[in-house]
Amino acid sequence: MVLLDGKATSKDIQAEIAAEVSSRMQRGYKRPHLAAILVGNDGASETYVASKVKACERCGFESTLLRLNANISQDELLEQIEQLNNDDAVDGFIVQLPLPAHLNEQLVIEAIHPDKDVDGFHPVSVGKMALNLPTYLPATPYGIMQLLERSGVKTAGKHAVVVGRSHIVGSPMSILLARNTEPGNCTVTLTHSKTADLASFTREADILVVALGRPEFITADMVKEGAVVVDVGITRVDDDSEKGYTLKGDVHFDSVAPKCSYITPVPGGVGPMTIASLLKNTLQAARDKRS
Ligand code: NDP
């Protein structure tokens with residue numbers, strides 16, 4: 001079994017990005033600039049945004065964090081987004097999800113100009129992804145594709161099973177794995193909560209990508225011998241440790257890992273790759289602005 005080391009791979013990618021930023025600056029270009037909007041103070045969102053800001057600093061990016069009150073109105077939030085759309089100093093920006101319940105996420109996503117949509121969630125970005133046109137790919141699935149590629153996992157002709165069909169992970173993951181690209185060219189089965197006899201599909205997977213948000217849901221009996229298993233899930237499970245919780249993936253790692261050819265750990269697998277992809281998209285946005 002080989003561990004798909006997202007932490008190390010993300011570090012390599014960030015070093016490559018930092019080198020390109022430095023070379024661009026020597027040629028007179030400004031630093032790429034990523035802005036993030038954080039509404040309210042959800043603990044997990046705070047952690048994710050803080051990691052993104054830190055990664056920006058490591059790569060020589062400029063970063064701006066806009067903290068907005070949890071009670072902000074829909075119109076006020078859309079106004080902030082419009083300001084970022086029109087701010088020439090900002091190459092790309094994200095709105096950290098989930099948003100408080102009174103805000104309409106879809107309206108917010110659609111308000112982001114596709115040229116600055118470095119999370120790749122705008123319908124224009126999603127459409128281009130499906131058509132295999134150049135665009136900003138959603139950070140988590142893009143990160144998984146890079147992790148597979150850089151770890152030497154061959155995907156062409158394999159049966160990939162994706163568990164979960166969210167717009168930010170499962171659904172785009174199924175599209176990327178099925179595209180006529182390398183990595184890609186898989187035969188893909190997309191499963192969800194209404195799938196009958198889920199295990200009969202997961203057991204057929206050469207590549208199993210799990211993104212449902214239910215800790216340790218996938219057990220050894222649901223996995224084929226020799227499978228590649230990518231665990232996207234991150235759930236805080238309360239315990240009596242110092243932090244008060246442990247991060248758990250959607251895969252029961254201890255029982256599943258011995259059966260796998262490759263597997264991602266949680267933490268240290270998909271999470272760091274998501275951040276590396278966001279930085280790659282932002283660097284690309286800075287390049288696109290210049291061209
Ligand atoms: P969502 O809650 O948006 O989607 C969950 C999906 O899982 C849905 O499609 C749902 O089906 C499906 N599902 C739920 N229960 C079952 C079941 N019993 N059998 C089969 N399918 C089921 O989650 P996200 O995609 O946003 O996130 C999933 C996990 O990944 C979470 O733990 C999240 O924290 C993590 N995550 C990690 C990231 C990282 O960088 N590592 C980035 C983003 C997310 P249905 O559509 O029918 O409801």
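Only the coordinates and a few stated rules stand behind these numbers; no lab work does. Just so it is clear, the structure is predicted and the values come from calculations on it, not from any experiment. Here the Cβ is made from the backbone with ideal geometry for all residues, glycine too, and neighbour counts use every protein chain on show.
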### Task
Note the direction-averaged projected area, equal to a quarter of the hull surface, for the Cα convex hull of the chain, in nm².
15.5 nm²
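As an exercise, find the ratio Rg/Rh for the stretch 59-163 from alpha-carbon atoms, using the Kirkwood inverse-distance average for Rh. Walk me through the intermediate numbers first.
Numbers: Rg = 16.5 Å, Rh = 15.9 Å.
Looking at the stretch 59-163, the ratio lands at 1.04.
How would you rank 12-18, 277-283, highest first, on the average number of other Cβ atoms within 10 Å across their residues?
277-283, 12-18
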### Query
In degrees, nearest 10, range 0 to 90: what is the angle between the Cα axis of helix 74-86 and the longest Cα principal axis of the chain?
70 degrees
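With a cap of 11 neighbouring Cβ atoms within 10 Å, and only residues DSSP puts in a loop, list the trypsin sites (Lys or Arg not before Pro) found in the stretch 5-53. The partial results should precede the final answer.
On the way: sites: Lys7, Lys11, Arg24, Arg27, Lys30, Lys52; in loops: Arg27, Lys30.
Loop-located and lightly packed - Arg27.
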#### Entry: Listed residues Ala211, Ala139, Ala19, most fluctuating in the chain (Gaussian network, C-alpha, under 10 Å)
Ala19
#### Entry: Set of lysines near Lys224 by C-alpha distance (under 18 Å), chain-local residues within fewer than 8 positions excluded
Lys154, Lys158, Lys259
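Would you compute, from DSSP H runs of 4+ residues alone, the mean residue ellipticity of the chain at 222 nm, taking -39500 (n - 2.57) per run and dividing by the full residue count, rounded to the nearest 500? Display every interim value, and only then the final one.
Details: 10 runs with 116 residues, N = 291.
One gets -12500 deg cm²/dmol as the mean residue ellipticity at 222 nm.
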#### Entry: Long-range amide H partners of Glu204 with built H, under 5 Å
none
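Restricting to the chain, what percent of DSSP beta bridges are antiparallel, rounded to 5?
The antiparallel fraction comes to roughly 10 percent.
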### Query
What whole number of Å gives the distance from the Cα centroid of the stretch 13-27 to the Cα centroid of the stretch 29-68?
19 Å
### Lys, Arg +1 and Asp, Glu -1 on Cβ, resulting dipole of the chain about Cα centre, debye, nearest 20
880 debye
